[in-house]
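The values are calculated or read from the model by the stated rules, or taken from the named source; none is laboratory data. From a predicted model like this one, the values you see are computed outputs, not experimental measurements. Counting neighbours? That spans all protein chains shown, and the Cβs are built from the backbone with ideal geometry, glycine included. Surface areas here come from the heavy atoms of the whole protein model, side chains and all, with no ligands, DNA or RNA. Shrake-Rupley method; radii C 1.70, N 1.55, O 1.52, S 1.80 Å.
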Amino acid sequence: AKAMYHPGGKKTAIIAGGRKKVHTVWDLGFEQVEEYDATTDQLLLRKVRKEAAAGRPNKWEVEVGEDLQAGGGGGGDELIATSSDQPSIVRLDTKEAFQWRVRNMPYPKETYQVTADDEKNQVVIRTTNKKYFKRIDVPDLNRLGLRVEEGGISIAHANRTLVVSLKKPQKILELEAELRKERKSMKVSKEGDADCKQQ
């Protein structure tokens with residue numbers, strides 16, 4: 001399933017807490033939830049899941065943003081407290097680029113080497129002091145059979161945060177523009193409406 005760029009699917013949308021939440025379900029047992037800033041239409045969260053064996057749903061896989069509801073209480077706070085000095089990565093895209101923020105990265109900018117792995121079609125972050133190594137999949141590109149282009153990678157570093165940007169290919173920009181138009185024309189319910197009916 002191509003999810004985000006897969007045509008069809010039954011979509012419902014609600015506005016709650018300043019976010020437009022779009023839930024899409026495909027017949028293939030695949031579903032996706034996206035949350036956009038209700039004012040700027042910036043993607044804040046995308047999570048996907050496939051149906052497991054015997055029709056049971058799998059766990060949500062977060063592709064973009066942080067799912068603050070995923071912790072579901074009980075134990076989430078301890079995890080955050082114990083790992084607060086460990087590097088943590090979150091994807092938050094801009095209109096023009098896929099973007100990852102790696103927090104708790106205290107080294108100077110020249111320590112970071114960010115490259116494209118052509119064979120695995122991933123972005124690879126490593127440090128020259130061998131303290132950090134991370135491979136990053138870009139599911140948006142993989143779904144469309146597009147390549148991670150090393151020339152499109154740039155980095156910035158400030159306040160112990162490494163920001164890795166990968167320029168979006170033209171095909172992605174065009175598809176996202178189509179999806180923006182579709183979202184603008186969707187019938188949207190407000191949170192608290194009896195239920196979210198979609199034609």
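Observations, loosely collected:
- The set of residues in segment 138-160 that are modelled with pLDDT under 95 and in a strand (DSSP E or B) contains only A158.
- Leading residue by the ranking (modelled with the lowest pLDDT) among those in segment 166-196 that are surrounded by 11 or more Cβ atoms within 10 Å (Cβ to Cβ) and in a strand (DSSP E or B): S189
- Whichever residue in segment 143-165 is more than 17 Å from the chain's Cα centre (by Cα) and among the polar types (S, T, N, Q) and, among such residues, is surrounded by the most Cβ atoms within 10 Å (Cβ to Cβ): T161
Conditions tested, residue by residue: (1) within 17 Å of D93 (Cα to Cα); (2) at pLDDT 80 or above; (3) surrounded by fewer than 19 Cβ atoms within 10 Å (Cβ to Cβ).
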position: K20; (1), (2), (3): yes, yes, no
position: D27; (1), (2), (3): no, no, yes
position: E34; (1), (2), (3): yes, yes, no
position: Q42; (1), (2), (3): yes, yes, yes
position: A52; (1), (2), (3): no, no, yes
position: P57; (1), (2), (3): no, no, yes
position: L68; (1), (2), (3): no, no, yes
position: G71; (1), (2), (3): no, no, yes
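- For segment 116-133, filtering for residues that are surrounded by 16 or more Cβ atoms within 10 Å (Cβ to Cβ), outside any loop (DSSP other than H, G, I, E, B) and touching a residue at least 24 places away in the same chain (Cβ under 8 Å) leaves 4.
- Boolean, T111 is among the β-branched types (V, I, T), open to solvent by 40 Å² or more (accessible area, probe 1.4 Å) and more than 17 Å from the chain's Cα centre (by Cα): no
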